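Below is one structure, written out as structure tokens; the observations come after it.
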Amino acid sequence: MNFSESFKLSGLLCKFSPDGKYLASCVQYRLVIRDGKTLQILQLYTCLDQIQHIEWSADSLFILCAMYRRGLVQVWSLEQPEWHCKIDEGSAGLVASCWSPDGRHILNTTEFHLRITVWSLCTKSVSYIKYPKACQQGITFTRDGRYLALAERRDCRDYVSIFVCSDWQLLRHFDTDTQDLTGIEWAPNGCVLAAWDTCLEYKILLYSLDGRLLSAYCAYEWSLGIKSVAWSPSSQFLAIGSYDGKVRLLNHVTWKMITEFGHPAAINNPKTVVYKEAEKISQLGLGHLSFPPPRAVTGALSTSESKCKQLCLPWEKSYEIASGPVVLQTLKPVADRANPRKGVGMLAFSSDSYFLATRNDNVPNAVWVWDIQKLKLFVVLEHLSPVRSFQWDPQQPRLAICTGGSKVYLWSPAGCVSVQVPGEGDFPVLGLCWHLSGDSLALLSKDHFCLCFLETKEGAGAACGQRDGHA
């Protein structure tokens with residue numbers, strides 16, 4: 001495992017292109033485009049103000065930079081560096097900007113969510129969509145890029161409109177039986193749209209593409225409800241995290257709950273493997289540390305927990321296996337404040353849908369990994385600091401975790417390890433970004449970023465100024 005040298009960064013704005021060829025990063029008002037493997041600078045662009053948001057087009061040919069304070073969006077071309085585009089929303093202001101799936105239209109949301117402006121880069125035409133709702137997740141595209149679902153608010157009621165992305169014509173418009181619609185998200189197969197209500201009422205609604213209500217689910221009443229929602233990549237499961245500290249799994253056939261996962265502070269099951277981060281870690285060279293290839297995962301899924309312990313023995317300096325009943329560190333939420341730190345606030349499926357990772361906000365130091373095939377807890381990873389973020393490898397079930405310290409944590413069915421980010425001074429890892437291939441991982445801090453290379457045979461040797469990591 002090797003690390004690149006660190007580079008300057010602003011606002012945690014660092015993203016790989018969808019095809020993995022490029023890496024974009026921002027330093028104040030400058031946009032830097034690097035080669036995704038060698039990290040050599042390919043292009044330097046200068047924007048009119050400090051960049052607050054960047055996003056690649058789906059074909060990796062364009063990248064937009066949004067400057068919300070000035071109501072500006074600038075678009076740059078990777079194929080034609082001399083070409084550029086500037087979009088000025090003027091007095092309407094700007095609060096959000098995103099690409100359409102075809103990579104040739106930009107959707108800008110104006111201040112106070114008065115409208116969404118659709119700008120065409122090809123024809124320079126402009127379209128307007130009225131009544132967008134200001135909510136947590138109000139815009140979602142199907143994965144094939146054919147349809148857009150938009151949450152709307154008009155006449156004190158919630159609606160959803162479905163548009164055809166090829167010509168932005170309205171396909172369906174229907175109201176939702178919600179008090180205050182909070183978010184919508186398409187299933188990966190594009191057949192079902194999930195819409196969930198405010199946290200004050202537990203309700204999630206499932207609609208077909210033509211606007212028919214397929215099912216409505218409510219787990220309980222008179223208490224804080226849904227906090228997070230995630231589809232499995234296979235579209236077979238919908239995971240719902242709630243303020244009661246449980247994840248409920250709905251199936252795609254009957255849309256009924258098949259199981260619920262609790263997050264108690266005390267783990268009494270002796271078969272559950274609990275890894276605790278060791279406070280004192282000796283220096284261990286990881287120059288050629290690698291995880292098993294994806295094919296090894298199938299065998300690992302059927303092995304017992306005891307074998308998982310044996311596989312982790314070479315990395316015991318990073319984590320310790322807790323024995324007996326384990327009591328996790330808990331955080332008592334403040335009851336008289338909005339958005340209490342309790343309930344399942346983070347959840348994500350692995351790329352093969354075999355595992356689900358979750359974090360209960362009032363047990364902030366722990367990450368729970370659930371076996372979806374067996375519908376049971378697979379492992380718990382407890383850290384010394386609260387977990388800030390975690391992301392799955394896009395190619396195999398391998399989870400990267402950061403806690404705001406100078407380490408990055410990796411887990412796979414074959415074991416787990418923590419790695420110190422080398423270099424002078426402190427490098428607090430605040431964010432993560434996987435490369436498409438899963439061979440490298442961008443580690444983001446407040447003012448810098450670096451790349452962690454997990455495969456040293458090809459990609460790591462090509463990068464300049466590498467540093468060996470130590471656990």
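Identify, please: which residue in region 160-198 is of a type outside the set (Asp, Glu), open to solvent by 40 Å² or more (accessible area, probe 1.4 Å) and within 22 Å of ILE240 (Cα to Cα) and is, among those, nearest to the chain's Cα centre (by Cα)?
ASN189
Take the conditions within 20 Å of SER437 (Cβ to Cβ) and in contact with a helix residue (DSSP H, G or I) (Cβ under 8 Å, 6 or more places away or on another chain) and apply them to LYS37. Does it pass?
Working: within 20 Å of SER437 (Cβ to Cβ): yes; in contact with a helix residue (DSSP H, G or I) (Cβ under 8 Å, 6 or more places away or on another chain): yes.
It is true that LYS37 is within 20 Å of SER437 (Cβ to Cβ) and in contact with a helix residue (DSSP H, G or I) (Cβ under 8 Å, 6 or more places away or on another chain).
Which of the residues spanning region 120-137 are over 21 Å from ARG172 (Cβ atoms), part of a loop (DSSP other than H, G, I, E, B) and without any contact (Cβ under 8 Å) to a residue 40 or more places away in the chain? Working first, answer last.
The initial filter retains those residues of region 120-137 that are over 21 Å from ARG172 (Cβ atoms), namely 120-126, 134, 136.
Then keep just the ones that are part of a loop (DSSP other than H, G, I, E, B); that gives 121-125, 134, 136.
CYS122, THR123, LYS124, SER125, ALA134 - these are the residues of region 120-137 that are over 21 Å from ARG172 (Cβ atoms), part of a loop (DSSP other than H, G, I, E, B) and without any contact (Cβ under 8 Å) to a residue 40 or more places away in the chain.
Within region 1-79, which strands (runs of 3 or more DSSP E) (wholly inside it) include 1 or more residues that are in contact (Cβ under 8 Å) with a residue 40 or more places away in the chain and open to solvent by less than 10 Å² (accessible area, probe 1.4 Å)? Break it down stepwise before answering.
Working: elements: 14-16, 22-27, 30-35, 41-46, 53-56, 62-67, 72-77.
So the answer is 14-16, 22-27, 30-35, 53-56, 62-67, 72-77.
If you go through region 199-249, how many residues are of a type in the set (S, T, N, Q) and either over 22 Å from the mean Cα position of the chain (by Cα) or crowded, with 20+ Cβ neighbours inside 10 Å (or both)?
Of all residues in region 199-249, those of a type in the set (S, T, N, Q) come to 208, 215, 223, 228, 232, 234-236, 242.
If we keep only those that are either over 22 Å from the mean Cα position of the chain (by Cα) or crowded, with 20+ Cβ neighbours inside 10 Å (or both) as well, we get 208, 215, 223, 228, 232, 242.
Counting residues in region 199-249 that are of a type in the set (S, T, N, Q) and either over 22 Å from the mean Cα position of the chain (by Cα) or crowded, with 20+ Cβ neighbours inside 10 Å (or both) gives 6.
Answer yes or no as to whether ASP393 is closer than 20 Å to TRP231 by Cβ, modelled with pLDDT of 95 or more and touching a strand residue (DSSP E or B) at 6+ places or on another chain (Cβ under 9 Å). Full working, then the answer.
Numbers: closer than 20 Å to TRP231 by Cβ: yes; modelled with pLDDT of 95 or more: yes; touching a strand residue (DSSP E or B) at 6+ places or on another chain (Cβ under 9 Å): yes.
In short, yes.
So VAL379 ticks every box in (1) in contact with a helix residue (DSSP H, G or I) (Cβ under 8 Å, 6 or more places away or on another chain); (2) open to solvent by 20 Å² or more (accessible area, probe 1.4 Å) but one. Which box is left unticked?
The one condition VAL379 does not meet is (2).
Just checking, which of THR140, THR117 is over 30 Å from PRO233 (Cβ atoms), open to solvent by less than 70 Å² (accessible area, probe 1.4 Å) and in a strand (DSSP E or B)? Before you say what the answer is, go through the steps one by one.
Working: THR140 fails: over 30 Å from PRO233 (Cβ atoms).
Checking each option against the conditions leaves just THR117.
Being under 25 Å from ARG398 (Cβ atoms), among the charged types (D, E, K, R) and part of a loop (DSSP other than H, G, I, E, B) is the filter here, so list the residues in region 324-376 that pass it.
Within region 324-376, ASP352, ASP361, LYS374 qualify.
What strands (runs of 3 or more DSSP E), lying completely within region 408-452, carry at least 1 residues that are surrounded by 19 or more Cβ atoms within 10 Å (Cβ to Cβ) and modelled with pLDDT of 95 or more? Please lay out each step first, then the result.
Numbers: elements: 415-420, 431-434, 440-444.
Those strands (runs of 3 or more DSSP E) span 431-434, 440-444.
Which one of the conditions (1) in a loop (DSSP other than H, G, I, E, B); (2) of a type outside the set (Asp, Glu); (3) more than 25 Å from PHE163 (Cα to Cα) does LEU94 fail to meet, given that it meets all the rest?
(3)
Just one of (1) touching a Lys or Arg at 6+ places or on another chain (Cβ under 8 Å); (2) surrounded by 14 or more Cβ atoms within 10 Å (Cβ to Cβ); (3) at pLDDT 90 or above trips up LEU284, so point out which.
(3)
List every residue pair whose Cβ atoms lie under 6 Å apart, where the two residues are 6 or more positions apart in sequence or sit on different chains, the first residue falls within region 187-208 and is of a type in the set (S, T, N, Q), and the second residue, located anywhere, is crowded, with 21+ Cβ neighbours inside 10 Å.
THR198/THR182
Considering region 350-406 alone, what residues qualify as being among the hydroxyl-bearing types (Ser, Thr, Tyr) and without any contact (Cβ under 8 Å) to a residue 24 or more places away in the chain?
Listed by number, the residues that qualify are SER385, SER406.
Is it true that some residue in region 355-369 is in contact with a Leu (Cβ under 6 Å, 6 or more places away or on another chain) and closer than 21 Å to ALA187 by Cβ? Write out each step before concluding.
Step one: list which residues in region 355-369 are in contact with a Leu (Cβ under 6 Å, 6 or more places away or on another chain), which gives 357-358, 362-364, 366-367.
Then drop every residue that is not closer than 21 Å to ALA187 by Cβ, which leaves 357-358.
Scanning region 355-369 turns up at least one residue that is in contact with a Leu (Cβ under 6 Å, 6 or more places away or on another chain) and closer than 21 Å to ALA187 by Cβ.
The values are calculated or read from the model by the stated rules, or taken from the named source; none is laboratory data. Keep in mind the model is a prediction, meaning the values are calculated, not measured. Here the Cβ is made from the backbone with ideal geometry for all residues, glycine too, and neighbour counts use every protein chain on show. The accessibility values were calculated without ligands, DNA or RNA, using every heavy atom of the protein model including side chains. Shrake-Rupley method; radii C 1.70, N 1.55, O 1.52, S 1.80 Å.
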